[in-house]
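For reference, the structure discussed in these notes is given below.
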Amino acid sequence: MNKITLCSTIVGLLVSTAAIAADPAMNKDGTLVDAKGMTLYTYDKDAAAPGKSVCNGQCATNWPPLMASTEAKPMGEWTIVTRDDGSKQWAYKGKPLYTWVKDKAPGDKTGEGMAGNTWHVAMP
């Protein structure tokens with residue numbers, strides 16, 4: 001292996017490791033947001049089964065889950081739950097996280113209190 005190939009391989013591994021190690025969301029003014037800056041929410045009905053999402057079908061269309069890649073690993077307060085369809089979703093402190101389709105711009109929080117006050121802005 002020549003030096004250029006070796007350096008490219010090392011850089012690729014470092015970038016991959018950094019992507020895997022990064023938090024799946026960030027704190028923006030006391031609110032958890034996804035990589036696009038969109039507000040994340042929790043669903044009270046998930047609380048009956050910690051670490052389990054009960055938002056499927058049309059619910060998941062309206063409240064898209066914060067999906068985790070197959071390479072993602074739990075870290076600290078961040079865990080991964082397996083959805084009914086086998087896909088992976090990020091959870092914070094055991095609560096699965098979602099966005100809301102009616103939030104159109106970063107910072108929107110129109111999902112707070114929806115569906116009989118069962119949806120809430122996720123906070124760190």
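Here are a few things to note about the model shown:
- For the stretch 19-64 versus the stretch 65-123, the spacing of their alpha-carbon centroids is 1 Å.
- Two numbers describe the Cα atoms of the stretch 69-124: Rg and Dmax, which are 12.9, 36 Å.
- Listed cross-link partners Lys28/Lys109; Lys52/Lys104; Lys28/Lys95; Lys36/Lys104; Lys28/Lys93 are compared with a 20 Å cut-off, the Cα-Cα value being larger for Lys52/Lys104.
- Fraction of the pair-distance distribution of the stretch 23-111 above 22 Å, Cα-Cα pairs, percent: 19 percent
Only the coordinates and a few stated rules stand behind these numbers; no lab work does. Quantities reported herein were computed from a predicted structural model and do not represent experimental measurements.
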